[in-house]
1. Find out how many positive minus negative residues lie around Ile112, taking Lys and Arg as positive, Asp and Glu as negative, among other residues whose Cβ is under 10 Å from that of Ile112.
2. Would you mind computing, in nm to one decimal, how far apart the modelled labels at Thr26 and Ile60 are, each placed 7 Å from Cα along Cα→Cβ?
3. Whole-Å semi-axes of the chain's equivalent ellipsoid, largest first, each the root of 5 times a Cα gyration tensor eigenvalue?
4. How much area per residue is accessible in the chain when the probe is 1.4 Å and only protein heavy atoms are counted (Å²)?
5. Suppose only helical runs count, i.e. DSSP H with n ≥ 4. What mean residue ellipticity at 222 nm does that imply for the chain under -39500 (n - 2.57) per run, divided by all residues and rounded to the nearest 500 deg cm²/dmol?
6. Quick check: residue separation of Ser80 and Val117 times 0.36 nm, minus the Cα distance between them. What number comes out in nm?
7. Quick one: net charge of Gln71's neighbours, Cβ under 14 Å, K/R +1, D/E -1?
8. Once neighbouring chains are kept in place and the probe is 1.4 Å, which whole percent of the accessible area of the chain is contributed by carbon and sulfur?
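The values are calculated or read from the model by the stated rules, or taken from the named source; none is laboratory data. This structure is a prediction, so every number in the text was calculated from the model and none was measured. Virtual Cβ from ideal backbone geometry, glycine too; neighbours counted across all protein chains shown. All accessible areas refer to the heavy atoms of the entire protein, side chains included, with ligands and DNA or RNA removed. Shrake-Rupley method; radii C 1.70, N 1.55, O 1.52, S 1.80 Å.
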Amino acid sequence: PVTAVPAATVAVPGGAAMAFPTGTLTFAQLLGIFSTLPVDLTFVDADDRVAFFSSGRERIFERPLTVLGRQVHHCHPPRSVHIVERILDDFRAGRQEVAEFWLELQGKFVHIRYFPVRDAQGAYLGTLEVTQNIAPIQAIAGDKRLLDE
């Protein structure tokens with residue numbers, strides 16, 4: 001396990017970077033990582049407001065910038081708000097460490113996972129949503145040990 005240390009801005013060649021317990025990243029590198037990951041990330045803060053979302057190449061659920069700061073309850077259809085509230089309540093109370101769903105959507109097999117985010121002392125900071133089209137992963141068979149030419 002990595003011991004959490006407070007994030008800090010440090011001087012590195014090429015500009016300032018955020019210092020993490022396992023290394024440093026510049027803002028450009030961090031943005032590049034979020035844009036490259038084959039998953040969509042959305043972070044809802046401890047006040048249940050959408051604070052961040054990644055903008056990868058193949059975003060599954062579109063997120064307009066106007067969603068930032070909005071109560072997450074207002075981002076879901078009324079019929080599913082009780083599920084959202086239960087997930088958040090369970091995460092806050094420490095009753096669950098993951099909630100996951102999957103569905104077929106427009107030729108994709110979408111896997112959605114929610115995780116509570118906590119600080120080093122275990123205090124609830126918010127919830128991370130990770131969404132991925134796993135259809136290409138499900139299609140994997142056999143071995144692949146070489147690069148395609």
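1. Net of charged neighbours comes to -2.
2. A separation of 3.3 nm, rounded to one decimal place.
3. Sorted largest first and rounded, they come to 26, 25, 16 Å.
4. Accessible surface, normalised per residue, equals 70 Å².
5. Working: 3 runs with 27 residues, N = 149.
Value at 222 nm, helices only, nearest 500: -5000 deg cm²/dmol.
6. Net length gain for the segment: 11.1 nm.
7. Neighbour charge sum, excluding Gln71 itself: -2.
8. On the way: 6150 of 10380 Å².
Reported share for carbon and sulfur atoms: 59 percent.
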